[in-house]
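**Q** Encoded as structure tokens, here's the structure I'll be asking about.
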Ligand code: TA6
């Protein structure tokens, strides 16, 4: 089941019929690949990605936990994305997956160093499933296993990097008229005015209380990504554009910003709080459909 990936890191390859596949690294519990029936890659993964702990992998689906960004005491975007996860030998039954799905169950528990930074015991279980229609589902369950009766709070994001053919021809639908926090302007709160979101410069926004469905229309590819989410109120939209990627992001090619877009199902504005033994579930389902079939859905 486990194969060797880049730099000898362990990865799990999920295969569905007709060339569909997905790859998950134990390092970070990180999905690095999701391919459709034509073998086309649907996620952006930087060709300069460094597959070497503790540097998180640039692209795919990094998990931001227990903290999104640098708003708190933990390292930026938390530590789940640069820890080695394990296969979960006792996964909870998840009835939503049909028996035809290919899936893997992973688990992360804190180590001593993690507890120094964030003094909370937890079990983070994640199932990655590739469905019979090619949809990719990530179901996360975080449980508070503190024995001292202490609750804890965390923020979270599935920091998904979609592959797009030309960012200037991409539209995001489903976030119109919503409030957002603009990370480029001190996290000030604004209200989205326009129709769909289009891209002509750097963007880094946290849209608040978003609908459960968001669509990313890739005009050139005639493809629509449909993002469905549960338990995740917010949605981050990020593209670093040319200057930031050149100057600040050394593990990304200079022109790569044209071919990627992050749309991240997240829980940021209102952190999730769990009492001991309580569990939170956050689900992300991604599908990629030809644009002609997606209008009006
Ligand atoms: O989700 C958007 C964001 O928080 C941006 O502000 C940007 O810095 C990005 O994530 C990438 O962060 P990273 O730590 O992976 O370089």
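**Q** Relative contact order of the range 173-297: what whole-number percent is it, with Cα pairs under 8 angstrom and at least 6 residues apart?
**A** 24
**Q** Rank these for me by crowding, 137, 212, going from fewest to most other beta carbons within 10 Å.
**A** 212, 137
**Q** Also, I was wondering about something else. I need the Debye-formula profile for the range 2-294: one equal scatterer per C-alpha, no solvent, reported as log10 I(q)/I(0) at q = 0.08, 0.10, 0.12 1/Å, two decimals.
**A** -0.32, -0.51, -0.75
**Q** Which of 74, 236, 164 moves most in a GNM of the chain, Cα contacts under 10 Å?
**A** It is 74.
**Q** On the first, second and third principal axes, largest extent first, how far apart are the outermost C-alpha atoms of the range 17-131 in Å?
**A** Per principal axis, max minus min of the Cα coordinates gives 46, 37, 22 Å.
**Q** Just to be sure I understand: with springs between alpha-carbon atoms less than 10 Å apart, which residue in 111, 48, 221 has the highest mean-square fluctuation in the Gaussian network model of the chain?
**A** Maximum fluctuation in the GNM of the chain, among the listed residues, is at 111.
**Q** For the range 53-81 and the range 242-260, what is the centre-to-centre distance using only Cα atoms, to the nearest Å?
**A** Each part reduced to its Cα centre gives a spacing of 19 Å.
Values in this text are rule-based calculations from the coordinates and carry no lab data. Remember, it's a predicted structure, so these values are computed and weren't measured experimentally. In this analysis, Cβ positions are derived from the backbone assuming ideal geometry, glycine residues included, and neighbour counts consider all displayed protein chains.
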